[in-house]
Every structure is written in C-alpha cells, then in structure tokens.
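J.: First, the structure itself, so that you have it in front of you.
The values are calculated or read from the model by the stated rules, or taken from the named source; none is laboratory data. Every value quoted in this text rests on a predicted model; they were computed, and no experiment measured them. Cβ atoms come from the backbone with ideal geometry, glycine included; neighbour counts cover every protein chain shown. Surface accessibility is based on the protein's heavy atoms, side chains included, excluding ligands, DNA and RNA. Shrake-Rupley method; radii C 1.70, N 1.55, O 1.52, S 1.80 Å.
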Amino acid sequence: MPVDDATPPVRWLTAEEATARLGVSRQTLYAYVSRSRIGAIAAPEDPRRSLYDAADIRRLSQRNRGGRSRRAVAASTISWGEPILVSAITRIEGGQLEYRGQDAIELSASATLEEVAALLWQAETMPPATASRPWPRARATTDVAGRCISAMAELAMAGRWTGRTDSVLPDAMRILHRLAWAAVGLPGTAARPSAPVHAAMASAWGLGPKAADLIRRALVLVADHELNASTYATRVVASTRAPLGACVLAGLTALVGPLHGGMTDELRHLLADPLVAADPSAAVALRLARGEQIPAFGHPLYPDGDARARALLEHLRPPPRVLRLMQAVHNATGIEPNIDCALLILEQRLRLPAGTALAVFAVGRTVGWIAHALEQWRDGALIRPRAVYPDANVA
C-alpha cells in the first residue's frame, strides 16, 4: 500500500478510549493528567469534555506492560504505591474503612471520638473525666491552621514514651483537648471539657444537639486513614522517640498543605470562582483541559466513591452552588466528592467560620496520629529510607 494511503495515527482519544487502552479507571486517568503524564485538551465540538494524547497513553501503556525494576518499585511506594509499613490500626480495602477490624462507617453512627480513641490507642481504661465548666462561646476568627499549630507547639514536649501506653494517655488527652480548644477559636489555656469533644466544640460554636451530632460523625470518620502524608510524617518523628506533642505537631503541619487537609480551602476558592457560579460544567471542563484536578473530588483508595464522604453527606444537604458543582463533576468524570468536600459542606451548612472544615479534620485526625505514634514507638525502628542519586546506574 502506498505510504500516502496509510491511515494517520490517532492524535487524541476520548476518556472511554483512553481508559480502555490503559486498563484503568477514569479516576486514575485524571490522576495521570494532573501529574502531567498524559496531555489533555478540551474537545473542540464540546468544551465540557476532554480529549487525551494518544502518544502519551501509548507510552504509558507500554511501560506498564514492560514490568518494573527494583528501583521503580521502590520509587512507587512514595505515591499510592507499594505498602511500606506494617500497621494494625486501619484497613482500607474494597472501598471499606475499618478501625482495628471494626467498620468505621458503622462506628460513625453512634460512637464518640473518645470511644474511637480508646479503640485505636488500645487503651483498656481512659483517663477519668474531671469536673469542668462547659466551654465558652468562641468568637469567629480566621487562620485556623495557624492557631492550631501554635497551640501544638506549646505542647511539643508533652508525652514522652516510657514503654507503657497508659502512662502517656493523660498527655494524649491533653493534646486532643488543647487542639480542639484552639480549633474552635478559644484563646488561652484549654479547659478540659465536661462533655465529649464534639459536644464541647458545638457548644463553643453556639450549636445545638443536631449540629453536635454531625460534628461527632465527622470527627469519627476522619479519625484515621492509614498511611496518609500527615500520618507518615507523624510516624517518622515518632520513630526518633520524640515526645508525643512533637509527633502530633509534625502531622498537623503536613495536614494544612493544599494537597491534604488544606484541600477544603482549595474547594472554597473554587466555589468562589464566578465561572463556577455561572456555568459549573464549563468551569470543570476548563480545569480538566488544563490537566488540573477538581479539588475535593475523587480518591485513589475509593474507586467507587469515598465511603466517608457518603456517610456524612447522607445527613447533609449541600448548598445549591456545591450541588451544581458536584453534578458537573459527576457528568464530566463520573467522580464523586471525597471527605474534604463533605467537611466543607458541613462548615457551610452549620454556618461556621471559614476554616472550620480543616479544624474538624485536624481534631479528628489527632486521634489517629497518636495511635500511629504509639504503634511506631512500640515497633522501635527508626524510619530512614535511602535516596537514589539521579545519575546512579542501579538496576
């Protein structure tokens, strides 16, 4: 056949064609685009849809089929890859989340954060409650992350490992209460709450029992999530036998980043975009065409949707602008909102100060950070991976 009659190679593929060739979900496809591994453009005939670079997909597919070297396997552990630590705290498998073998979604129906703490910390008895006044009303303030970090810096040297879990539990509870006190915007020294943390926080925000129960659910749902970035930071610090307060401070400083707990702020900024209000489908298409992710949507560990978000959103009605964005993202990608989105909806529905979503996340996750610090202390090993120099020729 003459060369001129040959069929030219396909330059762009639809999402359906791209996922079929790669053998991956749409969520994974969008992750490749966000990491600049696959080029994408808006479809000329429909700007709300994206097309994907066929050459990039072909190269990626060939590399995936070719197997990986030991170095490649090691490198993959950094980004949603191979497991690198043994932990008996949380299991995420098949779209389900378990805390020490118990369904976290079921626990969120009635358990308090303190009850989940006892489970995750493997505490036979928790420090006894002491009489205390209800927390006062908090003033609406900004810079939630800064307040929480400052509060934890004050307790950075609290809670040294003695070889016995029960000896560090009073400091663990003091850290939890101090962070919650700062998270709601109360100044000065934290008072031990006369009620569970969720009720104390609701009282400080001037909320009633129904709102307090929503906060309780959210705190339980975010209590732990396996080896995420902030938890890994916590475990690295714990592996040096640093005090518990320093371990939690490490986790907190990682959480506030925009690719982790700070994702709630990214979504808030997106919702403030006039284009999202005017035409959310066009706004979503534009971001996807630029190779950007939609903040607070999708999660690599939940291909069928974040179970935590679903459990919380069952009890929340999203504001109209958020609902329209959720529909636009679903129509364009099939991706569902994740827990960050649900936490921002909680903040907006309860009419809480901006940044409250991150505050709830931080307070709940403190329980998980402490659990991982305790587990790492018991393990006794220093976490010290090696780096591969870029010029090294190691197979």
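J.: For Ala371, which of the numbered conditions (1) under 20 Å from Leu252 (Cα atoms); (2) out of contact with any Phe, Trp or Tyr (no Cβ under 6 Å at 6 or more places or on another chain); (3) open to solvent by less than 10 Å² (accessible area, probe 1.4 Å); (4) modelled with pLDDT of 95 or more fails to hold?
T.: (2)
J.: Give the number of residues within segment 96-105 that are part of a helix (DSSP H, G or I) and open to solvent by 40 Å² or more (accessible area, probe 1.4 Å).
T.: 1
J.: Examine segment 323-332 for a residue that is without any contact (Cβ under 8 Å) to a residue 40 or more places away in the chain, part of a loop (DSSP other than H, G, I, E, B), within 18 Å of Ala42 (Cα to Cα) and open to solvent by 30 Å² or more (accessible area, probe 1.4 Å), and state whether such a residue exists. Before you say what the answer is, go through the steps one by one.
T.: We begin by selecting, within segment 323-332, every residue without any contact (Cβ under 8 Å) to a residue 40 or more places away in the chain; these are 323, 326, 330.
From what's left, part of a loop (DSSP other than H, G, I, E, B): none.
Checked against the condition, which is being without any contact (Cβ under 8 Å) to a residue 40 or more places away in the chain, part of a loop (DSSP other than H, G, I, E, B), within 18 Å of Ala42 (Cα to Cα) and open to solvent by 30 Å² or more (accessible area, probe 1.4 Å), segment 323-332 yields no hits at all.
J.: Next question, about the same structure. Residues of segment 60-95 being at pLDDT 85 or above and either over 30 Å from Leu374 (Cβ atoms) or assigned to a loop (DSSP other than H, G, I, E, B) (or both), which ones?
T.: Leu85, Val86, Ser87, Ala88, Ile89, Gly94, Gly95 - these are the residues of segment 60-95 that are at pLDDT 85 or above and either over 30 Å from Leu374 (Cβ atoms) or assigned to a loop (DSSP other than H, G, I, E, B) (or both).
J.: Starting from residues that are open to solvent by less than 10 Å² (accessible area, probe 1.4 Å) and of a type outside the set (Ser, Thr, Tyr), keep the ones in segment 246-266 and report whichever is farthest from Asn331 (Cα to Cα).
T.: Here the answer is Cys247.
J.: Suppose we filter segment 354-368 for residues that are at pLDDT 95 or above, out of contact with any strand residue (DSSP E or B) (no Cβ under 8 Å at 6 or more places or on another chain) and not hydrophobic (A, V, I, L, M, F, W, C); how many remain?
T.: 3
J.: Being open to solvent by 70 Å² or more (accessible area, probe 1.4 Å), basic (Lys, Arg) and touching a residue at least 12 places away in the same chain (Cβ under 8 Å): is that true of Arg164 here?
T.: no
J.: Also, quick follow-up: Which of the residues belonging to segment 267-299 are surrounded by fewer than 17 Cβ atoms within 10 Å (Cβ to Cβ) and charged (D, E, K, R)?
T.: The answer is Asp273, Asp279, Arg290, Glu292.
J.: Sort out which residues of segment 27-41 are open to solvent by less than 70 Å² (accessible area, probe 1.4 Å), modelled with pLDDT under 85 and not hydroxyl-bearing (Ser, Thr, Tyr), and write them in order of number.
T.: Filtering segment 27-41 for residues open to solvent by less than 70 Å² (accessible area, probe 1.4 Å) gives 27-34, 38-41.
Filter once more, keeping what is modelled with pLDDT under 85: 27-34, 39-41.
Listed by number, the residues that qualify are Gln27, Leu29, Ala31, Val33, Gly39, Ala40, Ile41.
J.: Something else now. I need the full set of residues from segment 106-136 which are open to solvent by 40 Å² or more (accessible area, probe 1.4 Å), charged (D, E, K, R) and at pLDDT 90 or above, in order please.
T.: Glu106, Glu115
J.: Now, a different point. Does Ala180 meet the test of being surrounded by fewer than 21 Cβ atoms within 10 Å (Cβ to Cβ), of a type in the set (Gly, Ala, Ser) and modelled with pLDDT of 95 or more?
T.: no
J.: Of the residues in segment 42-59, how many are modelled with pLDDT under 85 and either open to solvent by less than 60 Å² (accessible area, probe 1.4 Å) or under 28 Å from the mean Cα position of the chain (by Cα) (or both)?
T.: 6
J.: So is Ala153 among the small types (Gly, Ala, Ser), open to solvent by 30 Å² or more (accessible area, probe 1.4 Å) and not in a loop (DSSP other than H, G, I, E, B) or not?
T.: So Ala153 fits the description; yes.
J.: Moving to a separate point now. Residue under question is Arg386, and the condition is that it be within 30 Å of Pro280 (Cβ to Cβ) and free of Cβ contacts under 8 Å to residues at least 12 places away in the same chain; does it hold?
T.: When the stated conditions are applied, Arg386 does not pass them.
J.: May I pose another question? In this structure, does Ala278 turn out to be out of contact with any strand residue (DSSP E or B) (no Cβ under 6 Å at 6 or more places or on another chain) and over 28 Å from Arg235 (Cβ atoms)?
T.: So Ala278 fits the description; yes.
J.: In segment 186-232, which residue that is under 20 Å from Met173 (Cα atoms) and of a type in the set (Lys, Arg) is most open to solvent (accessible area, probe 1.4 Å)?
T.: Ranking the candidates gives Arg192 first.
J.: Please indicate, with yes or no, whether at least one residue in segment 350-368 is free of Cβ contacts under 8 Å to residues at least 60 places away in the same chain and either open to solvent by less than 10 Å² (accessible area, probe 1.4 Å) or more than 16 Å from Ala311 (Cβ to Cβ) (or both).
T.: For segment 350-368, residues free of Cβ contacts under 8 Å to residues at least 60 places away in the same chain and either open to solvent by less than 10 Å² (accessible area, probe 1.4 Å) or more than 16 Å from Ala311 (Cβ to Cβ) (or both): present.
J.: State yes or no: is Arg287 at pLDDT below 95 and either in contact with an Asp or Glu (Cβ under 6 Å, 6 or more places away or on another chain) or more than 22 Å from Leu346 (Cα to Cα) (or both)?
T.: Values: at pLDDT below 95: yes; either in contact with an Asp or Glu (Cβ under 6 Å, 6 or more places away or on another chain) or more than 22 Å from Leu346 (Cα to Cα) (or both): yes.
Yes, satisfied.
J.: Ala307 is checked against (1) open to solvent by 20 Å² or more (accessible area, probe 1.4 Å); (2) touching a residue at least 12 places away in the same chain (Cβ under 8 Å); (3) under 28 Å from Ala211 (Cα atoms) and fails just one. What number does that condition carry?
T.: (1)
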